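Each remark here refers to the structure printed beneath this line.
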Amino acid sequence: MPEPKTPIRPEESLAKMITSLKEKTGKSLEEWRVVIASAGWLKHGEIVAGLKGEHGLTHGYAHQIALRAKDTANTPAGDPTEEMFAKRPEAKAAYDVLMPRIQAFGADVDIAPKKGYLSLRRAKQFAVLQPAAGRLDVGIQLKGVDPGPRLEASGSFNAMLTHRVRVASADEVDGELIGWLQQAYDVAG
């Protein structure tokens, strides 16, 4: 039986798109920034419409260029995880205890930093870790599990997940929380 194909992460796909930008569109990101500034486009929608209408770009390339048009830092400033937790010591303490436990689930745990949170994936996302004031919010994908006092419905926290656990200290990283995360991990494979 052939090995299962490892899914391509969205970040990898986007990185490939940006790497091939000059080849596919005729201009580098810096050259597109000059075009955008010269045209006076300020809003995302204006930029996308202009790049598609006046330069014939596909929506995908126009959208990615527009997202990066105002991003003057072409290289990451540092470790995004460290930056994310820099002003949230309670969240960082809980994260430092929780992550080794999650990584012990298996070698296929993929940690993808996003803007403001970490996505935990296998074949599919099974959880997110998001620093908040005084706590770490742990979003979990647990379809068919009723919420309770600690395992609350995710509500407006994250529409891609079903539940959230608010972890106020490293002491709250316990067997119950790990059990919910393990269950979500098992289903995501």
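At a glance:
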{"item": "Gained length - Gln183 relative to Ile111, 0.36 nm times residue gap less alpha-carbon distance", "result": "24.2 nm"}
{"item": "Förster radius 30 Å - calculated FRET efficiency between Lys87 and Lys24 (Cβ-Cβ, nearest 0.05)", "result": "0.20"}
{"item": "Segment 128-167, relative contact order [Cα under 8 Å, separation at least 6], %", "result": "42"}
{"item": "Surface share of carbon and sulfur [accessible, 1.4 angstrom probe, percent] for the chain", "result": "55"}
{"item": "Ellipticity estimate at 222 nm from DSSP helix runs (n ≥ 4, -39,500 (n - 2.57)) divided over the chain, nearest 500", "result": "-13000 deg cm²/dmol"}
{"item": "Heavy-atom surface of the chain, accessible at 1.4 Å and reported per residue (Å²)", "result": "58"}
{"item": "Under the Debye formula (equal points on every Cα, no solvent term), log10 I(q)/I(0) of segment 57-189 at q = 0.09, 0.12, 0.16, 0.22 Å⁻¹", "result": "-0.30, -0.51, -0.84, -1.33"}
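The values are calculated or read from the model by the stated rules, or taken from the named source; none is laboratory data. Note that the structure is a prediction, hence the values are computed from the model and not measured. With ideal geometry, Cβ positions are generated from the backbone for all residues, glycine too; neighbour counts draw on all protein chains shown. These area figures cover heavy atoms from the full protein model, side chains too; ligands, DNA and RNA do not enter into them. Shrake-Rupley method; radii C 1.70, N 1.55, O 1.52, S 1.80 Å.
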